[in-house]
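Q: Here it is, the structure, as structure tokens.
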Amino acid sequence: MKEIITYIQSVVGFDFVVKPLSHSLKEKLPLYLLEGYEWYKAVLDNRTCILAQNKETSSFSIAQMGKHFNQIKSILGLPVIVVFNNLEAYNRKRLITKKIAFIVPNKQLYIPDFLIDLREYGLNTPFKQTTLNPIAQQITLLYILNEDFNKKYESKSLQELAKILDTTPMGITRAVSNLKQFELIDIVGGKEKYIRFKLDKQELWNDLLKKDLLINPVLKRIYVNLKPKQVTMPFCNISALSEYSNINPDHKEYYALWKNTYYEIKDSIEFDIESGDEGEYCLEVWKYKPETISQDFTNYGPMVDPISLYISMKDIQDERIQMALEQMISQFI
């Protein structure tokens, strides 16, 4: 149990307090439910749950386990998390399919009631990302570019941020863990969690460049002769750069399209034909929703934000473009 406590506190960053289940609570449970597990009461980040440490070392029925835990939840009014010393990958998948919360120390914890699904690859070495993930980058760019970030975003709980960024609670949890990994933020608050960036905007920008943490938002580029009419797309690439700087626009128009939207409409006849690089329009499929950040730059029209634009074009070997990028980034940073 000490190993479990250490593991959860190290990967989640929350206090985790575990005590044996009291005799008074055990008396409420049927005898057959008490025999297969060691029972504990635990508190994770001010939320109480029941831990059931599995005694079976070989076979067990996941369907039966689900029925048992639902029964315990109805009796005690608390979610149940089962603890395994070891668990085969196929059984982990089955538990997730059944939405049964579980912990395998140093490998994985899955707690849907608490919106946590963290995996550790390898027994001793946690998986470490080398760059920001897309949602973490969105949050970071909002902080750098939005003058009212403290008022507009830092006052939002993590659940509210998930809605703003059009992501899931799991997506925001992973983004916050990602930002914590690089020591860019503090997490404050009690039951409701909030983020606070540690550095001011200029220091943060320098730190991001120094550590090479920013990712290119462009997943791929598609050239078409007809642009889709059913979605709103901001300008990107040279079409946006010509508005942010003195560079002249290209004859081709460039638009940014969030990957989720792209996959929803990719079979639409509006795409006509993916025409190599000869199409009249270029659609850049982005890893995060470009409008989320660019909505704060309405004075420039429907365009992607200047930092995402900079990252997406900074490796283009064209002196005119490099000068325009420097002109633009010096204006906003």
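Q: Just checking: which of the helices (runs of 4 or more DSSP H) contained wholly in region 187-292 hold 1 or more residues that are under 29 Å from the mean Cα position of the chain (by Cα) and charged (D, E, K, R)?
A: 201-211, 259-265
Q: Further question on the same structure: Suppose we filter region 240-259 for residues that are farther than 15 Å from ASP318 by Cβ and not aromatic (Phe, Trp, Tyr); how many remain?
A: So the answer is 7.
Q: A further question follows. Looking at (1) modelled with pLDDT of 85 or more; (2) touching an Asp or Glu at 6+ places or on another chain (Cβ under 7 Å); (3) not hydrophobic (A, V, I, L, M, F, W, C), can you tell me which one SER294 breaks?
A: Of everything listed in (1) modelled with pLDDT of 85 or more; (2) touching an Asp or Glu at 6+ places or on another chain (Cβ under 7 Å); (3) not hydrophobic (A, V, I, L, M, F, W, C), SER294 misses just condition (1).
Q: Is region 135-144 home to any residue that is free of Cβ contacts under 8 Å to residues at least 40 places away in the same chain, over 24 Å from ILE265 (Cα atoms) and not assigned by TED's automatic domain parsing to the domain that holds GLN9?
A: Checked against the condition, which is being free of Cβ contacts under 8 Å to residues at least 40 places away in the same chain, over 24 Å from ILE265 (Cα atoms) and not assigned by TED's automatic domain parsing to the domain that holds GLN9, region 135-144 yields no hits at all.
Q: Tell me whether region 72-80 contains one or more residues that are part of a strand (DSSP E or B), surrounded by 12 or more Cβ atoms within 10 Å (Cβ to Cβ) and assigned by TED's automatic domain parsing to the domain that holds LYS26.
A: yes
Q: If you don't mind, there's one more thing I want to ask. Return only the number of the condition from (1) surrounded by fewer than 16 Cβ atoms within 10 Å (Cβ to Cβ); (2) part of a helix (DSSP H, G or I) that ALA162 does not satisfy.
A: Exception for ALA162: condition (1).
Q: Is it true that some residue in region 186-203 is crowded, with 18+ Cβ neighbours inside 10 Å, out of contact with any strand residue (DSSP E or B) (no Cβ under 6 Å at 6 or more places or on another chain), aromatic (Phe, Trp, Tyr) and outside the structural domain of PRO306 (by TED's automatic domain parsing)?
A: So far as region 186-203 goes, no, none of its residues is crowded, with 18+ Cβ neighbours inside 10 Å, out of contact with any strand residue (DSSP E or B) (no Cβ under 6 Å at 6 or more places or on another chain), aromatic (Phe, Trp, Tyr) and outside the structural domain of PRO306 (by TED's automatic domain parsing).
The values are calculated or read from the model by the stated rules, or taken from the named source; none is laboratory data. All values derive from a computational prediction rather than experimental measurement. Positions of Cβ are backbone-derived with ideal geometry, glycine not excepted, and every protein chain shown enters the neighbour counts.
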